[in-house]
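Values in this text are rule-based calculations from the coordinates and carry no lab data. Since the structure is predicted, the reported quantities are computational estimates derived from the model, not experimental observations. When we count neighbours, we look across all protein chains shown, and the Cβ atoms used for this are built from the backbone with ideal geometry, even at glycine.
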Amino acid sequence: MKDKWGRTIDYLRLSLTDRCNLRCRYCMPEAVASVGHEAVLRYEEMLQICRAALALGIDCFKITGGEPLVRKGAADFMRALKAMDGVRSVTLTTNGLLLPEVLPDLVHMGIDGINISLDSLDASQYAALTGGGDVSVVLQALKEAAVQGVNVKVNAVLLAETQAQILPLAALAGSLPVDVRFIELMPIGYGTTLKGLAEADALAVLRRAYPDLTAAGERRGNGPASYYRSRSLKGCIGFIAANTHAFCVSCNRLRLTSTGFLKPCLCYDDGVDLRAIVRSGKSMDTIYQDLQCVMAEAIYEKPAKHCFAEQDHISEHKTMNQIGG
Ligand code: SAM
Ligand code: SF4
């Protein structure tokens, strides 16, 4: 359905858990506590919400977290979601560490894409940024997924301290058929504690190495990335520049936290508690109707734009792992 600004909302980012096996400094450093298990939606409850979302025209689902693959049964959940009538795409975003264990299942169920977060190829820098992650495991998982024919995208947050990694990361799109996307650091949660780079800074570095880099002028996937191509690269280079090229005018997404809070915009803490509805004890039919009703209202009232440029107006104070980035 459309919101009051005329945007079609057809994409839901669904967080399976706020827990994670890494501690990325801009997302979930050591200090962040996890919510209790009882507070987290059960898979059946998530599927009920997805059914109501489908009735409103939301047919693309991104599975996120926290780290979604730390939750037991994540692959079975994705299979069940993918099998629901009307679902157009189910994609996953992961840090990749647990991917090897579930990759065969994901390939078998026909996952529509996997985004792997990877900010540095330098082993010690990666470990320092993530609180101890082993980059070689992520790289192996990335290669394996690409070999298996999965649509793979690498997501790298643009940090001042990883500027020297822009070219090594981009080179992954030269050796493998994967898109490499650079994400501007957003001032959400611990994102305010690090210094980020802008798309223009990264583009300048990339243009020196790939002088033929040109805007691809095509939409790839369901997200807001803009893409560039070079004859030297198999995949595309993408940018998700929420700060310097706000894409709110074409925003198509909602977020559902692992505790069932539906968020129309990343920037504000407004939203609706869908967990209270699915746990209301009412009949399945009534729950289905109630979910549609409150989701339709939340969609209609989706804010026109984020306020990253005026940081005192940001009312969202949860960390990115709690929101479902
Ligand atoms: N654990 C999974 C992963 O790392 O892909 C999924 C959840 S993680 C929150 C999703 C994405 O959000 C990752 O690509 C991560 O780098 C990104 N992210 C986290 N905090 C961010 C921030 N403040 N600004 C921009 N991206 C951020
Ligand atoms: Fe975990 Fe992903 Fe956050 Fe890193 S970005 S701490 S991998 S949820």
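Just a few scattered comments:
- Under the combined filter of DSSP loop state and at most 15 neighbouring Cβ atoms within 10 Å, the stretch 267-313 retains these GluC sites (Glu not before Pro): Glu301, Glu310.
- Stretching Lys195 away from Val147 to a fully extended chain increases their span by 13.8 nm, per 0.36 nm per residue minus the current alpha-carbon distance.
- Value of D in µm² per second that Stokes-Einstein yields for the chain, Kirkwood Rh from Cα pairs, at 25 °C (0.890 mPa s): 123 µm²/s
- Across the alpha-carbon set of the stretch 57-118, the Rg to Rh ratio works out to 0.94, Rh being the Kirkwood radius.
- For the peptides 189-202, 252-265, the ranking by packing is 252-265, 189-202, with the highest mean count of neighbouring Cβ atoms within 10 Å listed first.
- Couplings for the stretch 25-42, taken from phi via the Karplus curve 6.51 cos²θ - 1.76 cosθ + 1.60 with θ = phi - 60°, read 5, 8, 10, 9, x, 3, 5, 7, 8, 9, 7, x, 4, 5, 6, 7, 4, 6 Hz in order; Gly and Pro are left as x.
- The ranking of Phe247, Phe308, Phe239 by Cβ neighbour count inside 10 Å, starting from the fewest, reads Phe247, Phe308, Phe239.
- Shape analysis of the stretch 221-298 based on the Cα gyration tensor places the equivalent ellipsoid semi-axes at 36, 14, 10 Å, largest first.
- Evaluated on the stretch 143-231, the Kirkwood hydrodynamic radius is 14.1 Å, with distances taken between all distinct Cα atoms.
- Put simply, when 51-57, 91-97 are sorted by average Cβ atoms within 10 angstrom per residue, most first, you get 91-97, 51-57.
- The chain - Cys residues lacking any other Cys C-beta under 4.7 Å: Cys20, Cys50, Cys60, Cys236, Cys248, Cys251, Cys265, Cys267, Cys293, Cys307
- Here the residues Lys318, Lys2, Lys72, ranked from fewest to most Cβ neighbours within 10 Å of their Cβ, fall in the order Lys72, Lys2, Lys318.
- The local environment of Pro104, defined by Cβ-Cβ distances under 14 Å, has a net charge of -3 under the rule Lys, Arg +1 and Asp, Glu -1.
- For the stretch 12-103, applying the loop criterion from DSSP together with a ceiling of 15 other beta carbons within 10 Å to the GluC sites (Glu not before Pro) yields Glu30.
- Residue-averaged 222 nm ellipticity for the chain, from DSSP H runs of 4+ at -39500 (n - 2.57), nearest 500: -8500 deg cm²/dmol
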